[in-house]
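Since the structure comes first, as structure tokens, the remarks are kept for the end.
The values are calculated or read from the model by the stated rules, or taken from the named source; none is laboratory data. In this text, all values refer to a predicted model and were calculated from it rather than measured experimentally. Here Cβ is always computed from backbone atoms with ideal geometry, including for glycine, and neighbour counts include all displayed protein chains. Heavy atoms of the whole protein, side chains included, go into the accessibility calculation; ligands, DNA and RNA do not. Shrake-Rupley method; radii C 1.70, N 1.55, O 1.52, S 1.80 Å.
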Amino acid sequence: MTLLLRSENITKNYTNHCALDNVSIEVSEQSIYGLLGPNGAGKTTLIRIINQIISPDQGHLFFRDQALNPAHVHKIGYLPEERGLYKKMKVGEQAIYLAQLKGLKRQQARKLLKGWFDKFDLLPWWDKKVEELSKGMQQKVQFIITVLHQPELLIFDEPFSGFDPINVNLLKQEILRLRNEGATIIFSTHNMGSVEELCDHIALIDKSKKILDGNVRQVKKDHATHIFQLEMEGLKKPLENILDKPFEIIKTWKHNGHTMARVKVNAPATSNDLVKKVLDHSHLVAFSELTPTMNDIFIKNVTGKYPMETHDANHRINPEELPLEQ
Amino acid sequence: MSKTGIIIKREYASRVRKRSFIVMTILGPLLLAALFVAPAIIAQISEEDYQVAIVDDSGLFYDRFKDANNVRFTHLPVGIDFALEQMKENRFDAVLHIPETAFQAPSTLRLFSEKAANLNAKLYIENVLKHEFESLKMSAAGIDKEVLRAIETPISIHAVRILDDGLEQADYPEVTMGLGLVSGILIYIFIFLFGSQVLRGVLEEKSSRIVEIIVSSVKPFQLMAGKIIGIGLVGLTQFLIWIILTFSIIGVTQAAFPELFRFTPDEQVYITSSQMLNPEDLKQQMETIQQFDTTAGRILEGLSAINFPVMILSFIFYFLGGYLLYSSLFAAIGAAVDNEADTQQFMLPVTIPLLFALIMGQMVINNPSGDMAFWLSMIPLTSPVIMMVRIPFGVPYFDLFLSAGLLILGFMFTTWLAAKIYRTGILMHGKKITYSVIWKWIKQ
């Protein structure tokens with residue numbers, strides 16, 4: 001797979017702190033790349049460097065093996081996290097203006113915009129002032145402006161903040177469609193759950209350093225927790241007396257008369273061994289592995305422990321039940 | 001079109017379409033034209049006659065009052081009571097009563113009026129009576145009338161400036177002072193008005209966060225330059241429309257009411273040797289000259305002597321220079337702060353030199369070629385205002401070119417400085433900005 005964008009050892013220092021420390025990423029063509037990390041980790045700095053808004057103190061960037069230069073600006077579409085529009089300017093006029101700054105001709109921009117506005121139900125607003133639009137509609141306009149000039153690389157910084165669930169879905173579909181049509185996409189977000197299912201690749205950034213990157217499936221595989229949750233009925237003797245060495249009991253608690261337990265299975269034992277042991281002493285109602293979310297993986301990489309290993313019994317059982325916001 | 005060009009076009013178009021711009025564009029020339037036409041109209045209005053009835057019981061003076069300075073005299077050979085009746089019926093504005101004993105006891109003279117007495121008329125009457133009393137007394141003392149006439153010499157000094165090329169030119173200090181002050185104030189207003197538009201524009205882009213979108217397409221410097229140039233062109237457009245409309249209004253007024261604009265005929269050579277002319281002719285000539293010697297007349301005359309093309313070209317240059325100098329600083333402020341309230345602490349040091357120039361302009365006007373005038377018109381921060389104050393008085397080419405050169409260097413420096421602050425500040429949010437923070441940005 002060819003690389004669209006490559007950064008090599010990017011370092012950026014501000015007067016009082018280091019924003020990026022030796023960060024290298026590789027973004028393959030026609031993939032969705034997630035740049036994940038908490039607020040203030042350095043994601044936006046990296047994105048601004050890719051957009052040539054600021055320049056790195058050290059390191060190099062390559063766009064298709066060419067050193068990144070101002071000519072590449074037209075090949076990149078950028079939706080910043082903090083985004084706005086001229087409030088007093090008419091929507092259509094403003095969209096044309098911003099498209100012109102991306103190198104489109106006026107007539108061409110108008111034609112493309114009309115198509116997009118139609119698709120997003122914005123056509124009736126063409127001649128309205130931006131301040132008359134709802135926040136969601138403004139976000140749609142900004143999205144259109146970002147993708148209008150058909151850039152090879154799209155960079156979305158916290159794209160879903162401010163959208164209602166219906167529009168989030170609309171946007172996700174558009175983004176997947178753009179990827180399928182050949183675009184490469186970089187997502188940057190602190191809300192790791194929101195893009196997990198979209199990303200092919202991820203890089204975790206914390207305190208200006210990249211702490212992990214790779215293919216999403218591989219990362220998840222590498223980060224199997226080996227922690228299993230059991231729900232048992234009529235347990236005859238304490239679990240401590242049933243499970244020995246390779247099994248590590250993290251937590252047990254009562255739930256609706258059932259015994260709940262979270263157990264870590266250390267090699268060479270397997271989940272099958274755990275089930276066999278428990279079956280002899282109780283009626284097993286439910287059994288599942290706790291798969292880590294990207295958020296869990298992040299926490300593990302920062303603190304060395306998964307949240308389910310440290311949190312109390314009320315910690316969620318099913319990753320799908322995770323609220324989107326941390 | 002280059003990207004800076006696209007930005008300039010937006011900044012320009014979005015502003016010239018605003019209602020406030022259109023209103024200012026129409027109001028401005030009306031005000032300016034009023035400045036020019038007003039003296040003529042005032043001259044006309046003051047010609048509305050002030051009617052004075054003369055009741056001369058002594059019979060000595062009633063034919064001595066010539067209608068002049070818009071004061072009309074009518075001799076009423078009636079009693080003072082009847083004359084006062086007439087005044088109450090608004091036939092006259094005032095009644096001058098000269099009692100029989102006036103010559104012996106001048107303090108019995110009375111000028112009656114219903115409203116406050118017209119000062120001009122009172123002064124004129126006093127002047128005539130003093131003159132007549134003196135004549136009478138001199139005649140009584142046996143001095144010949146002809147000799148008396150020859151002694152009379154009205155004095156009015158015409159200031160003449162010797163120009164570099166040796167030509168002489170009539171000088172009208174009141175007019176040049178007025179014009180200097182007006183252009184100084186005008187350039188101050190223009191720089192301030194359009195400079196703060198730059199500040200507000202930058203602040204709007206920063207606080208609405210559209211700048212985050214724009215800087216991914218253009219360099220921060222292009223955005224700043226586009227805004228400054230675009231707004232500068234708006235200022236220039238406004239000024240040019242003002243000038244064209246002002247002169248059109250004046251032209252039309254002049255064509256419609258030519259009698260309003262009677263200027264002194266070309267400078268005549270007169271009074272080379274008063275002994276050569278007989279006293280009667282001399283007096284005649286003096287009166288012709290004095291007829292135009294009213295304040296309004298002098299203003300009209302003085303204005304016609306001003307070199308307007310030079311004034312306008314220098315105004316454009318110093319507006320652009322001063323505007324570029326200050327507006328880049330304003331842009332830097334707009335980029336550094338988060339909201340309008342925070343601008344105050346940074347606005348002060350930028351506006352002080354401009355305000356200082358305006359205040360000093362009033363001193364410079366009293367000595368437009370002094371040391372202070374020279375230095376203040378060299379320092380780029382004050383030169384736009386001070387130079388405009390000086391130019392109507394005539395400025396040596398050396399001063400002009402040196403000042404212009406320094407102004408160009410000055411705005412290149414402030415633009416360079418502003419660009420450094422701008423590119424960092426425009427993307428910085430929620431940070432407490434102090435001078436030391438800005439200093440760090442500059443050093444980066």
Among A:135, A:119, A:220, which one moves the most in a GNM of chain A with springs linking Cα atoms closer than 10 Å? A:119
Hey, can you rank A:221-230, A:239-248 by average C-beta count inside 10 Å, highest first? A:221-230, A:239-248
Just how far, in whole angstrom, is the range A:78-132 from the range A:20-59 if you go by their alpha carbon centroids? 27 Å
Please report Rg (one decimal) and Dmax (integer) in Å for the Cα set of the protein assembly as shown. 43.3, 157
Space enclosed by the convex hull of the alpha-carbon atoms of chain A, per residue, Å³: 167 Å³
Please compute, for peptide A:86-97, the average count of beta-carbon atoms on other protein chains lying within 10 Å of each residue's beta-carbon. 3
Averaged over B:203-214, number of beta-carbon atoms from partner chains that fall within 10 Å: 6
Please enumerate, by chain and number, the lysines with C-alpha under 18 Å from the C-alpha of residue A:254, excluding those fewer than 8 residues away in the same chain. A:236, A:237
With charges set only on the Cβ (+1 for Lys and Arg, -1 for Asp and Glu), what does the dipole of the protein assembly as shown come to about its Cα centre, in debye to the nearest 20? 4160 debye
Quote the FRET efficiency, to the nearest 0.05, computed for residue B:406 versus residue A:16 with a Förster distance R0 of 51 Å and r equal to the Cβ-Cβ distance. 0.85
How much net charge surrounds residue A:38 when only the other residues with a Cβ under 11 Å from the Cβ of residue A:38 are counted, with Lys and Arg +1 and Asp and Glu -1? +1
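Which of the pairs A:114/B:432; A:172/A:220; A:102/B:432; A:90/B:440; A:114/A:220 have their Cα atoms more than 31 Å apart in this structure? Write out the running numbers ahead of the final one.
On the way: A:114/B:432 42 Å; A:172/A:220 22 Å; A:102/B:432 33 Å; A:90/B:440 38 Å; A:114/A:220 42 Å.
Going by Cα-Cα distance, A:114/B:432; A:102/B:432; A:90/B:440; A:114/A:220 fall outside the 31 Å limit.
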Give the residue from A:5, A:27, A:91 lying farthest towards the positive end of the charge dipole for the range A:1-132; charges sit on Cβ (+1 for Lys and Arg, -1 for Asp and Glu) and the dipole is referred to the Cα centre. A:91
How many partner chain Cβ atoms sit within 10 Å of a residue's Cβ in peptide A:70-83, on average, as a whole number? 3
If you roll a 1.4 Å probe over the heavy atoms of the protein chains, what accessible area per residue do you get for the protein assembly as shown, in Å²? 50 Å²
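Provide the buried accessible surface between chains A and B in square angstrom, both chains summed, 1.4 Å probe, rounded to the nearest 100.
Separately minus together, A and B give about 2400 Å² buried.
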Rounded to whole Å and sorted largest first, list the principal axis extents of the Cα atoms in the range B:48-151. 44, 28, 20
Over 28 Å between Cα atoms, which of A:140/B:443; A:129/B:206; B:18/B:443; A:43/A:300; A:135/B:420; A:128/B:420 qualify? A:140/B:443; B:18/B:443; A:135/B:420; A:128/B:420
Once neighbouring chains are kept in place and the probe is 1.4 Å, which whole percent of the accessible area of chain A is contributed by carbon and sulfur? 48 percent
